[in-house]
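Take a look at the structure below.
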Amino acid sequence: MSVLRLEGIDAGYGDHPILHGVSLHVDAGEVVVVIGPNGAGKSTALKSVFGLLTITRGRVVLGDEDITNTPPERVVTRGVCYVPQTGNVFVNLSVQENLEMGAYVRRDDWRPRLAEIFAMFPDLAEKRRQPAGSLSGGQRQMVAMGKALMLEPRILLLDEPTAGLSPKYRGEIFETVRRINAAGVPILMVEQNAKQALGIADRAYVLVDGENRHEGTGPALMADREVARMFLGGRD
Amino acid sequence: MWELFNFYLIPGIVLGCIYALGALGISLTFGILRFSNFAHGEMMMLGAYFTFTIVGLTGWHPLAAALPAMVLCAIVALGLDRAFFKPFRQAPTIMLVIASFGLMLMIRSAVQFFWGVSPRPLMPGIQRPQAFLDGALLIAPKHIWIIGTTLLVMLAVHLLLTRTRTGKAMRAVSDSPELARLTGIDVEAVIRATWVVGAVTAVAAGVMLAMDTQVETLMGFKMLLPMFAAAILGGIGRPFGAVAGGLVIGVVEEMSAYPFIGTVPLLNPAYKSGIAFGIMVLMLIWRPSGLFKGRVF
Amino acid sequence: MDGYALYVVGLLTAGGIYAILALALNLQWGFTGLFNAGIAGFFAVGAYVSVILTAPESPTIIGGYGLPLVVGCGAAMIASGLVAWGIGRVCIRLRSDYLAIATIGIAEILRLVFKNESWATNGPRGIAGIPKAFEWVPYPWNQVAFLGMVLATVLVIYLALETAWRSPWGRVMTAIRDSEAAAKASGKDVERFRLESFILGAAIMGLGGAYFAQYLKYFGPETSDPTSVTFLVWVMLIMGGSGNNRGAVLGALLLWAIWSATELLTSMLPPDWAVRSAYLRIFLIGLVLQVVLQRYSKGILPETRPAVVGTSTRAGATTGNAT
């Protein structure tokens, strides 16, 4: 049984669906990457899991539970954590307070988990009292991811985590994603930096114009001529 | 020099405390609900009237009577939110402003209906000032109460916002309601908490104003402009900036009546309420984000 | 002419003046999305300026130039327009709440000025003995003539606003309302258009004030009371249908009729009750506003244009931005 499945999703914001019959799945322990040209609907696919827009056809299944069109605040309690591309930290709260908010829906003591996150992200431990808005872009991404991890989610959804970051930070982010996955969290990641993303992916999907176009393992897609032609030429 | 201190600066600080507490509530409401609540002044007045009645029934000190009044006003605030503001959660902000405008008139007319319009004293009798520093410094006991209560309420709000889960969630929602939702924060619960804190600070401000002057039905409306000016001066969405703004406006207002030049007040006292307006317009021209860089939108 | 008919004439006259105010507010709010919470202030400025210029000479105050009423009305509009220009320049580019606060503020400041600068305004006592249009006509037809003037003005303003809306100026305003970003991109100075609308609306409100002063033959600082001017006009517009000139006029006449009728009824109660019931009336009008706002936000006569929509996000509002 997959951790997360999207089955034939049509989804959008109003009358015009952006996604048409999109299907994908994430299995235990995997890093699954979704790549595609601008406007392909990659971010929309993530948002449809998280209930941020309307699914008019198809299902989203978490484990054995249908979570189609469940509002975001309830999806969170089911163990799905979503890190949006922008506006993903509370800029006026400190790093630690951001992480604490990440644990908002937890009923139990989150302090051990906080210590674990700080161990995973030593930079953040150092800056725990600083307002999150004063951190660099890359560090802010770390806060956003750490915040999402406070709930020990069943799956982590990442929306273009390296967008707008310098090359140095991009490498760090991908490394962090790998580490998070190594600690046991399956990841569904949308990325613009196709080459580097495929480098850490177990499997990947290529979406074009809101539809599935290609699918395969990371290495297989990296080697694929057409995929290479579409995005890997000229990109870092 | 002591004359300036005793009869202008101290009253200015007292007035500033009242403005500060009122502006604190407005700033919190603005940050989290994202609209200017025109009915906030009337909530202050309602709290003062409840307190007046409780004092009449029990004989307690106004500050003690204010506590049940706070509970009553919190309940009223939650009820008003449910009836008149909640329907507009997804609507353009201006609908909330219009609704609050209507509520302002409704609350005031309800109070006028039940209590009538004649002003009443909350603390009857003239208070003799206490002398300090060998009689040089004179402060009326009620002014000491007011300044002390303000500090206490400030501290309580500060602790709430920085040490409690709810308070941090309030700051989170104020920062970004969308992200708060994504994080699983119960935004409706935060909104309810905001109304309660707003009501409590409003009642405190109203009771203190009533202690300093009297209970009357236009007291809330008269506060509205200075409180909004204070919130803008301090920076919208920065609650403690609003506090600073309130103090500045209060002090400037009282000091403007001092005869700095010659024997005539610097500014005709009838225009005192114009000072808050003037400060506000200046801020809007020069630096709309306020002294402490709040949001501008 | 019997008392009943005279009452109706008076009702329609005041209602007509309110219709002028509602049309002006519709221009500012319904078409331009500007929240003017200081109608009472612009109203008062117009009234006082007109009065000072047209009243006969008086030992206590300046003015008394005894100028023709037309001059008084024109000056009223200019004066109100100037005040609107001052406030608008600062606040229009900012969020709508700020304009609301600023307009409440200016209305209050103006009231203080009118109350205190007795050398100009006779202070709290106000100015009486104001000349009125068609006074030379024998009673009671002078009242009817005055009513005719008011209604004619309503018609003129209505037609002017409807024409303006279909003019190039009006098309720009529609474009701004429908998509500010697009309007800006095509080089339109959005703020200037908004300011123009604000000033024009305020000028019309000033005219309303001038007419009202003539109607009462008296004007004082408490005559322009925020509750009975600002608040009432807002309810009239929301009830009638904001964005819709016909709705504005209808709302004004209807609500004024209700307001006056209830006043008549409650004045027949024993004095104690009469005073209290005044507050009850305001409460109920406020409640009407809330109900209309929630259920019938389009008003009695729904407009044919899209309503003004804001774009800020808020606690509890869903996100819905396409990437």
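The values are calculated or read from the model by the stated rules, or taken from the named source; none is laboratory data. Since the structure is predicted, the reported quantities are computational estimates derived from the model, not experimental observations. Heads up, the Cβs are rebuilt from the backbone with ideal geometry, glycines too, and the neighbour counts pull from every protein chain shown.
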Open item on the list: Given the condition outside any helix (DSSP H, G or I) and either of a type in the set (Ser, Thr, Tyr) or modelled with pLDDT under 85 (or both), answer yes or no: does some residue in the range C:279-295 qualify?
Closed with: no
Task: Criterion: within 13 Å of another protein chain (Cβ to nearest Cβ) and more than 24 Å from A:Asn181 (Cβ to Cβ) - qualifying residue of A:Arg57, A:Arg74 - done: A:Arg74
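Considering the range A:118-157 alone, what residues qualify as being among the aliphatic types (A, V, I, L, M), within 14 Å of chain B (Cβ to nearest Cβ) and outside any loop (DSSP other than H, G, I, E, B)?
Keep residues of the range A:118-157 that are among the aliphatic types (A, V, I, L, M), which gives A:119-120, A:124-125, A:132, A:135, A:142-145, A:148-151, A:155-157.
Narrowing further to those that are within 14 Å of chain B (Cβ to nearest Cβ): A:132, A:143-145, A:148-151, A:156-157.
Within the range A:118-157, A:Ala132, A:Val143, A:Ala144, A:Met145, A:Ala148, A:Leu149, A:Leu156, A:Leu157 qualify.
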Open item on the list: When you scan the range B:164-171, do you find a residue that is within 10 Å of chain A (Cβ to nearest Cβ), of a type outside the set (A, V, I, L, M), part of a loop (DSSP other than H, G, I, E, B) and without any contact (Cβ under 8 Å) to a residue 24 or more places away in the chain, even just one?
Closed with: no
Task: Selection status of B:Leu78, at pLDDT below 95 and farther than 27 Å from C:Gly30 by Cα - done: no
TODO: Among the helices (runs of 4 or more DSSP H) lying completely within the range C:1-120, list those that include at least 3 residues that are over 29 Å from C:Met239 (Cβ atoms).
DONE: C:39-54, C:69-91, C:96-116
- [ ] Determine whether C:Lys184 is in contact with a helix residue (DSSP H, G or I) (Cβ under 6 Å, 6 or more places away or on another chain) and over 27 Å from C:Ala22 (Cβ atoms).
- [x] yes
Open item on the list: Which residue is farthest from A:Asn92 (Cα to Cα), if the candidates are limited to the range B:7-60 and must be among the polar types (S, T, N, Q) and not in a helix (DSSP H, G or I)?
Closed with: B:Asn37
Task: Failed item, numbered, when B:Met95 is tested on (1) of a type outside the set (Phe, Trp, Tyr); (2) within 10 Å of chain C (Cβ to nearest Cβ); (3) outside any helix (DSSP H, G or I) - done: (3)
TODO: Could you please tell me which pairs satisfy a Cβ distance under 8 Å, a separation of 6+ or placement on different chains, a first residue in the range C:253-272 that is within 18 Å of C:Leu232 (Cβ to Cβ) and aliphatic (A, V, I, L, M), and a second residue that is exposed (fewer than 15 other Cβ atoms within 10 Å of the Cβ) and modelled with pLDDT of 90 or more?
DONE: none
Task: Residue among A:Ala148, A:Ala144, A:Ala163 that is within 27 Å of A:Val49 (Cα to Cα), touching a Cys at 6+ places or on another chain (Cβ under 7 Å) and of a type in the set (A, V, I, L, M, F, W, C) - done: A:Ala148
TODO: Taking A:Arg78 as meeting all but one of (1) more than 16 Å from B:Arg181 (Cβ to Cβ); (2) touching a residue at least 24 places away in the same chain (Cβ under 8 Å); (3) of a type in the set (D, E, K, R), write down the number of the exception.
DONE: (1)
Open item on the list: Condition first: within 13 Å of chain A (Cβ to nearest Cβ) and part of a helix (DSSP H, G or I). Can you find one or more residues in the range B:189-197 that meet it?
Closed with: yes
Open item on the list: Based on this model, can you work out whether A:Phe90 counts as aromatic (Phe, Trp, Tyr), touching a Pro at 6+ places or on another chain (Cβ under 7 Å) and within 10 Å of another protein chain (Cβ to nearest Cβ)?
Closed with: no
Open item on the list: When you check C:Ala133 against the structure, is it in contact (Cβ under 8 Å) with a residue 60 or more places away in the chain and part of a helix (DSSP H, G or I), yes or no?
Closed with: no
Open item on the list: Of everything in the range C:121-142, what is aliphatic (A, V, I, L, M) and either in contact with a helix residue (DSSP H, G or I) (Cβ under 6 Å, 6 or more places away or on another chain) or within 14 Å of chain B (Cβ to nearest Cβ) (or both)? Give them in sequence order.
Closed with: C:Ile127, C:Ile130, C:Ala133, C:Val137
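Could you tell me whether C:Gly105 is more than 20 Å from C:Ile20 (Cα to Cα) and within 14 Å of chain B (Cβ to nearest Cβ)?
Details: more than 20 Å from C:Ile20 (Cα to Cα): yes; within 14 Å of chain B (Cβ to nearest Cβ): yes.
So C:Gly105 fits the description; yes.
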Task: Residue in the range B:27-47 that is surrounded by the most Cβ atoms within 10 Å (Cβ to Cβ), counting only those that are aliphatic (A, V, I, L, M) and within 13 Å of chain C (Cβ to nearest Cβ) - done: B:Ile32
Task: Candidates A:Ala220, A:Ala228, filtered to the one that is among the aliphatic types (A, V, I, L, M), in a helix (DSSP H, G or I) and in contact with a strand residue (DSSP E or B) (Cβ under 9 Å, 6 or more places away or on another chain) - done: A:Ala220
TODO: Tell me which residues, restricted to the range B:198-215, are outside any helix (DSSP H, G or I) and either free of Cβ contacts under 8 Å to residues at least 40 places away in the same chain or under 14 Å from the mean Cα position of the chain (by Cα) (or both).
DONE: B:Thr213
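Yes or no: B:Phe101 modelled with pLDDT of 95 or more, part of a helix (DSSP H, G or I) and within 27 Å of C:Leu94 (Cβ to Cβ)? Step through it out loud before you land on a result.
Values: modelled with pLDDT of 95 or more: no; part of a helix (DSSP H, G or I): yes; within 27 Å of C:Leu94 (Cβ to Cβ): yes.
The answer is no for B:Phe101.
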